[in-house]
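Report on one structure; see the data block that follows.
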Amino acid sequence: MTTTKVLLDESEMPTRWYNLLADLPSPPPPVLHPGTLQPVGPADLAPLFPMALIEQEVTTERYIPIPDDVMDVYRLWRPSPLYRAHRLERALGTPARIYYKYEGVSPAGSHKPNTAVPQAYYNAAAGIRRLTTETGAGQWGTALAFAGGQFGLDVEIWQVRASYDQKPYRKIMIETFGGTIHPSPSTLTAAGRAVLEQDPASPGSLGIAISEAVEVAAQSPDTNYALGSVLNHVLLHQTIIGEEALLQLAKVGDAPDVIVGCTGGGSNFAGLAFPFLREKLAGRMSPTIRAVEPAACPSLTRGVYAYDFGDTAGMTPLMKMHTLGHDFIPDPIHAGGLRYHGMSPLISHVYELGLIEAVAKSQRECFEAGVRFARTEGIIPAPEPTHALAACIEEALRCKETGEEKVILTALCGHGHLDLAAYGAYLSGELQDHALSDEAMSSAVASLPRIPA
Ligand SMILES: *Cc1c(COP(=O)(O)O)cnc(C)c1O
């Protein structure tokens, strides 16, 4: 049995992020102010974000240099390894070659610090003292607590109640890194109190937690808000994953035929895929690029493409995206990071352009893939990337039927060491798949804001 672990020297680490906006055939629709319905300008976003990040949100420069102080922190775990999954391939009996880029080596155990670190850096450079944010499974909160600590910022986090109760170790990890954490909905904000009045037992959602964190940041001049996915600057920072993977695959002389990644808000998927999409748009490669989402929260495959709020209370600007409706509350599935009602506007746009595909997977099939991966490759994946692995295995088994020797690339965007309760539920047969009814879908979509054409 061979082992292929492709490493880069620190000196080979990419020193710039890639901005897909430079290369798209048409720009995404503008973000709108919810009051005026006019495109938002920098002044509208200034209460929440530092100017450097607002500029990264809209720039069409192809490459953005990574600041030295960010590179220094990245070097704690980057470049991350690329593995070939020889043992999984053999277990499947597939002629396909499967590669995975492993982001579980970071301080948080996922890709999230790739953007938490620059976000903390730019906020600290702008004189901000405190960051607020939401977190689902706890990965983003952990990443921002770590990154804030590196640059002397206080970090205050609202965690979706369902995950707060399921995953107590994330709270301890966040506090160990120096962050403060509250379950959401909380009584600390008007947004949280309004939800609790309607439903005192609300399991929460990312949309509600965002409303709470935005409300607190908007009220205090030394406090900004940080988002762990969805926005263009977040996707931009994550492209370090794909830039490294391009160099690593070149070292072993392979190019991907299929790229699969799990999508919550879309950042790890975009981070891996966008540099390859640049190569595809330039005619240098032609991979099929496939997003994988949970069947319980299927924004790309079953949502509508419409202007919607990013949060539940309707405080954020309106973004055109694939959405299930801002008050859609998905079943409390274990892949907490994939329980978001919308999809990144940039990924939604790229999907509309036909540059990527999307599929949805139910959680039992995903955990089956996760266990199979753990037993062959020796890494227990976070519940989120088990979605990508399920699609990887599906593709590899298709290759077994057709005899095609495709190269499949995926992002193993995090480990599942703090998600073992979910594996326990799966192994004991307790894990259920809930079908999402058309009625539940249409009632959530009915509350979309009306935008005149
Ligand atoms: C946050 C998270 C996700 C979902 O977010 P994306 O922006 O879609 O990447 C997926 N996997 C892991 C491990 C996460 O922490």
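The values are calculated or read from the model by the stated rules, or taken from the named source; none is laboratory data. Here the structure is a predicted model, which means the values were calculated and not measured. In this analysis, Cβ positions are derived from the backbone assuming ideal geometry, glycine residues included, and neighbour counts consider all displayed protein chains. Ligands, DNA and RNA are excluded from the accessible area calculation, which covers all protein heavy atoms including side chains. Shrake-Rupley method; radii C 1.70, N 1.55, O 1.52, S 1.80 Å.
I need the P(r) histogram for the stretch 177-248: all alpha carbon pairs, bin width 10 Å from 0 out to the longest distance, whole percents.
Once binned at 10 Å, the Cα pair distances of the stretch 177-248 give 17, 36, 27, 14, 6, 0.
What distance in nm separates the two pseudo spin-label positions at residue 72 and residue 398, each 7 Å out from Cα along the beta-carbon direction?
In this crude spin-label approximation the distance works out to 4.7 nm.
Could you estimate the translational diffusion coefficient of the chain from the Stokes-Einstein equation, with Rh from the Kirkwood formula over C-alpha pairs, at 25 °C and 0.890 mPa s, in whole µm²/s?
Details: Rh = 21.7 Å.
For the chosen part, D equals 113 µm²/s.
Straight-line reach only, C-alpha to C-alpha below 14 angstrom: list the aspartates and glutamates that residue 251 could link to, leaving out same-chain residues fewer than 8 apart.
9, 12, 243
Kindly provide the Kirkwood hydrodynamic radius of the stretch 1-52 in Å, to one decimal, from all pairs of distinct alpha carbon atoms.
On the way: mean 1/r = 0.0631 Å⁻¹.
Kirkwood hydrodynamic radius for the stretch 1-52: 15.9 Å.
Rounded to the nearest whole Å², what accessible area per residue is found for the stretch 326-453 with the 1.4 Å probe? Could you put the intermediate results ahead of the total?
Values: 5380 Å² over 128 residues.
Accessible surface, normalised per residue, equals 42 Å².
Taking amide H positions as placed in the peptide plane 1.01 Å from N, state which residues far from residue 416 in sequence (5 or more) or on other chains have amide H under 5 Å from it.
380, 382
Under a Cβ-Cβ cut-off of 12 Å, what is the net charge of the residues other than residue 190 that fall near it, where Lys and Arg count +1 and Asp and Glu count -1? Please report the intermediate quantities before stating the final value.
Values: positive: 193; negative: 197, 212, 215.
Here the charged neighbours net out to -2.
For the stretch 180-309, report the accessible area per residue in Å² (1.4 Å probe, heavy atoms, rounded to an integer). Please list the in-between numbers first.
Values: 3700 Å² over 130 residues.
In whole numbers, the stretch 180-309 has 28 Å² accessible per residue.
Only Cα pairs under 8 Å and at least 6 apart count here; give the relative contact order of the chain as a rounded whole percent.
Working: 999 pairs, mean separation 85.7, N = 453.
Normalised by residue count, the contact order of the chain is 19 percent.
Probe radius 1.4 Å, ligands and nucleic acids ignored: give me the carbon and sulfur share of the accessible area of the chain as a rounded percent.
Numbers: 8420 of 16650 Å².
C and S fraction of accessible area: 51 percent.
Scan the chain and note any complete DSSP helix (H) whose C-alpha atoms cover at least 15 Å along its axis and whose Kyte-Doolittle average is -1.0 or more.
Numbers: long enough: 113-125 (18 Å, -0.43); 139-150 (17 Å, 0.18); 206-218 (18 Å, 1.55); 232-251 (29 Å, 0.35); 267-281 (20 Å, 0.35); 363-377 (20 Å, -0.85); 383-402 (29 Å, -0.30).
Those that pass (Cα extent of 15 Å or more, hydropathy at least -1.0) are 113-125, 139-150, 206-218, 232-251, 267-281, 363-377, 383-402.
Based on the alpha-carbon gyration tensor of the stretch 135-207 and its eigenvalue square roots a ≥ b ≥ c, which shape applies: rounded if a/c is under 1.5, prolate if not and a/b is larger than b/c, or oblate? Present the calculation step by step, with values, prior to reporting the outcome.
Numbers: a/c = 2.83, a/b = 1.80, b/c = 1.57.
It is prolate, given that a/c is not under 1.5 and a/b is the larger ratio.
Per residue Cα convex hull volume for the stretch 385-453, in cubic angstrom? Intermediate results must be reported in sequence, preceding the final value.
Working: hull volume 16.6 nm³, N = 69.
Convex hull of Cα atoms, per residue: 241 Å³.
Given the -39500 (n - 2.57) contribution per DSSP H run of 4+ residues, what per-residue ellipticity at 222 nm results for the chain, rounded to the nearest 500 deg cm²/dmol? Don't jump to the answer; show the numbers that get you there.
Values: 18 runs with 186 residues, N = 453.
Rounded to the nearest 500, the figure is -12000 deg cm²/dmol.
Run the reach check for residue 171 against lysines, Cα to Cα strictly under 25 Å, same-chain hits fewer than 8 apart removed. What comes back?
112
Quick one: Debye curve from the alpha-carbon atoms of the stretch 202-361 only, equal weights, vacuum; give me log10 I(q)/I(0) at q = 0.08, 0.09, 0.15 Å⁻¹ to two decimals.
-0.25, -0.31, -0.80
By the scheme Lys and Arg +1, Asp and Glu -1, what is the net charge of all other residues having a beta-carbon under 11 Å from that of residue 262?
Values: positive: 290, 361; negative: 293, 384.
Neighbourhood net charge equals 0.
Under a cut-off of 17 Å between alpha-carbon atoms, report the lysines in cross-link reach of residue 280, not counting same-chain residues fewer than 8 places apart.
406
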